[in-house]
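Everything below concerns the one structure shown next.
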Amino acid sequence: MTDLEKQAEELGIKVDKRWSEERLQKEIDAALAGPAPEPEKKLFPVRLVKNYRPIGDFFILDEEGDYREPTDEERQKVAAGNSIKLPVHEAQSVIDKEIAKRNDPIR
């Protein structure tokens, strides 16, 4: 067993015997760097047709035209007519259920 294979084993890397030393070193470097950062969640703008209580994180459009964090009251229920940004899967769901309509430049 090579030094690289020993190091990989200590890091809990399952080594494939077909890997080159270069590939093995890349796997070790990745393990030492730690977990990859979580990708940023994409948010999609919708305009509510009905009152709605968002499931996850969201932002609400204010009077100045900027998206902001919701208040505690808004986390419980966002009134119809408001524009909010939701994660894509939740936005698709509320559009399909006719709770909201798309509110992006390309409609």
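The values are calculated or read from the model by the stated rules, or taken from the named source; none is laboratory data. Note that the coordinates shown come from a computational prediction; the quantities given were computed from them, not determined experimentally. Cβ coordinates were reconstructed from backbone atoms using ideal geometry, including for glycine residues, and neighbour counts include every protein chain displayed. Protein only, heavy atoms only, side chains kept; ligands, DNA and RNA dropped before computing areas. Shrake-Rupley method; radii C 1.70, N 1.55, O 1.52, S 1.80 Å.
For this structure, a couple of remarks:
- Where helices (runs of 4 or more DSSP H) sit wholly within the stretch 1-94, none has at least 2 residues that are under 22 Å from ILE106 (Cβ atoms).
- If you check ARG18, ARG47 for being touching a Lys or Arg at 6+ places or on another chain (Cβ under 9 Å) and of a type in the set (D, E, K, R), only one passes: ARG47.
- Scanning the stretch 1-43 for residues that are in contact (Cβ under 8 Å) with a residue 24 or more places away in the chain, within 30 Å of VAL88 (Cα to Cα) and open to solvent by less than 70 Å² (accessible area, probe 1.4 Å) yields one hit, LEU43.
- Across the stretch 63-101, the qualifying residues are those that are more than 15 Å from LYS50 (Cβ to Cβ) and of a type in the set (Lys, Arg), and the one among them that is surrounded by the fewest Cβ atoms within 10 Å (Cβ to Cβ) is ARG68.
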